[in-house]
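One structure is given below, encoded as structure tokens.
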Amino acid sequence: MFGWTSRQRNVAIASFLSWTLDAFDFFILVFLLSDIASAFQVDIKQVTLAILLTLAVRPIGALLFGRAAEKYGRKPVLMVNIALFSFFELCTAAAPSLMVFLILRVIYGIAMGGVWGVASSLAMETIPDRSRGVMSGIFQAGYPFGYLLAAVVYGLLSETVGWRGMFVIGAVPIFLLPFIWFKVQESPVWLAARERNESTALMPVLKKNWKLCVYLVVLMAGFNFFSHGTQDLYPTFLKVQHGFDAHTVSLIAISYNIASIIGGVFFGSLSEKIGRKKAIIIAALLSLPVIPLWAFSGGSWMLGLGAFLMQFMVQGAWGVVPTYLTELVPANTRAVLPGFVYQLGNLIASVNATLQAYIAESHGHNYGLAMAMVAGTVAILISVLVAFGRDTRGKAIAGTINNQSTDHRAKV
């Protein structure tokens, strides 16, 4: 694959699957909002607090696990991370009340928060520099692929196992641990830094690069509104506003997540040719003419087409993010800083589901209008913010590690 060594391929697979299964566990919830609301005899808006809280605490996980990965290595911390979020996903299945359910989702969110930064740094520091755009798209495609898996499982099993059974299935990521233990090697960049006894304190880096950090947090808030604003309530929109059954909702979700995967890999790869900025801006702006079809058309075929095109663009823009953040931040902070700013952006965007549910309810349960307002606003915001940033295509990080004899000092 792309001339990579077995070491590089195994890291790529592990990083992709880590992010895939993380997303799978998160998106199980978005298909079950109405079911959980019925079970606890509350309205959907109250259950969306679970999404808000999960997203809000993810910066804590990104900071804790990211710092641990800088100290102890990417591989062991990633394994601990996966074990913890799988365990708390399983605990969610036994929640006796909405309050306990929300508390468990908070703990789960902390455990979930570290995966993106740790897994992406492991991948970006291991694969060749020339392949970072492609790997960025592949890695980020794990997110919609996890959503796709959740859609398939929901469509096939939700009526049989119920909402609690769906969270039991969410413990599946634990089975990834043996592969990581036996097949995945530590980041060569981290190993080289440890040999030189290098370490970087986070606070001095934040103080020195505070303008960059603020910029990235705002940018990632826009990106997270872009993804969550077009995805989290879409199944509810299809079920509540259009009255589609679970099978139809599942098929539409599968189709738009296939588009997400294709879009992420396409624009991630494109960014190696035209630059990170241009690829993001093109994808974000192309989402605007799709909004009427995606949010205001009728019938499963037209809505499905609109969702397919929308997520091709949304996750296309996202496909550039892992490599863009990795290239922008200082060396020896790649496990903590990209994930931390990403999750701080998530914290700001954590109000999305509750905000959209409120807008929808105050406009006659018009979820399409609520989603369109958010999607259109943030697509423009992302384009403007990225236009003022700098392009990082071609920045050296990993170098060539095929022979494992490179001078790592030139790469960090």
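The values are calculated or read from the model by the stated rules, or taken from the named source; none is laboratory data. Only a predicted model underlies this, so the values are computations on that prediction, with no experimental measurement involved. Neighbour counts run over all protein chains shown; Cβ positions are idealised from the backbone, glycine included. Each accessible area value is taken on the protein alone, full model and side chains, heavy atoms only, with ligands, DNA and RNA left out. Shrake-Rupley method; radii C 1.70, N 1.55, O 1.52, S 1.80 Å.
Determine whether Ile359 is at negative phi, in a helix (DSSP H, G or I) and at pLDDT 95 or above.
Considered against the rule, which asks whether it is at negative phi, in a helix (DSSP H, G or I) and at pLDDT 95 or above, Ile359 comes out as no.
Identify all residues within segment 38-79 that are over 24 Å from Gly345 (Cα atoms) and at pLDDT 90 or above; write none if there are none.
Ser38, Ala39, Phe40, Gln41, Val42, Tyr72, Gly73, Lys75, Pro76, Met79
Which of the residues that make up segment 66-97 are farther than 30 Å from Ala193 by Cβ, without any contact (Cβ under 8 Å) to a residue 60 or more places away in the chain and in a helix (DSSP H, G or I)?
Result: Phe88, Cys91.
Condition (residue is of a type in the set (Asp, Glu) and within 23 Å of Ser121 (Cβ to Cβ)) applied to segment 79-93: is it met by at least one residue?
Checked segment 79-93: no residue is of a type in the set (Asp, Glu) and within 23 Å of Ser121 (Cβ to Cβ).
Somewhere in segment 20-30, is a residue modelled with pLDDT of 90 or more and surrounded by fewer than 18 Cβ atoms within 10 Å (Cβ to Cβ)?
no
Being in contact with a Phe, Trp or Tyr (Cβ under 9 Å, 6 or more places away or on another chain), under 26 Å from Leu325 (Cβ atoms) and open to solvent by less than 10 Å² (accessible area, probe 1.4 Å): is that true of Ala119 here?
yes
Every residue, every condition in (1) in contact with a helix residue (DSSP H, G or I) (Cβ under 8 Å, 6 or more places away or on another chain); (2) surrounded by fewer than 24 Cβ atoms within 10 Å (Cβ to Cβ); (3) under 22 Å from Leu32 (Cα atoms), yes or no:
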position	(1), (2), (3)
Ile254	yes, yes, yes
Ser260	yes, no, yes
Phe266	yes, yes, no
Ser287	yes, no, no
Leu293	yes, yes, no
Gly306	yes, yes, no
Ala317	yes, no, no
Asn346	yes, no, yes
Ala349	yes, no, yes
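So how many residues does segment 386-397 have that are part of a helix (DSSP H, G or I) and open to solvent by 50 Å² or more (accessible area, probe 1.4 Å)?
Keep residues of segment 386-397 that are part of a helix (DSSP H, G or I), which gives 386-388.
So of that shortlist, the ones also open to solvent by 50 Å² or more (accessible area, probe 1.4 Å) come out as 387-388.
Total meeting the criteria: 2.
Given (1) open to solvent by 50 Å² or more (accessible area, probe 1.4 Å); (2) among the hydrophobic types (A, V, I, L, M, F, W, C); (3) at pLDDT 95 or above, identify the lone condition not met by Ile382.
For Ile382, the failing item is (1).
Just to be sure I understand the filter: pairs with C-beta atoms under 6 Å, separated by 6 or more residues or on different chains, first member in segment 373-385 and part of a helix (DSSP H, G or I), second member aromatic (Phe, Trp, Tyr) and open to solvent by less than 10 Å² (accessible area, probe 1.4 Å). Which pairs pass?
Val378/Phe226
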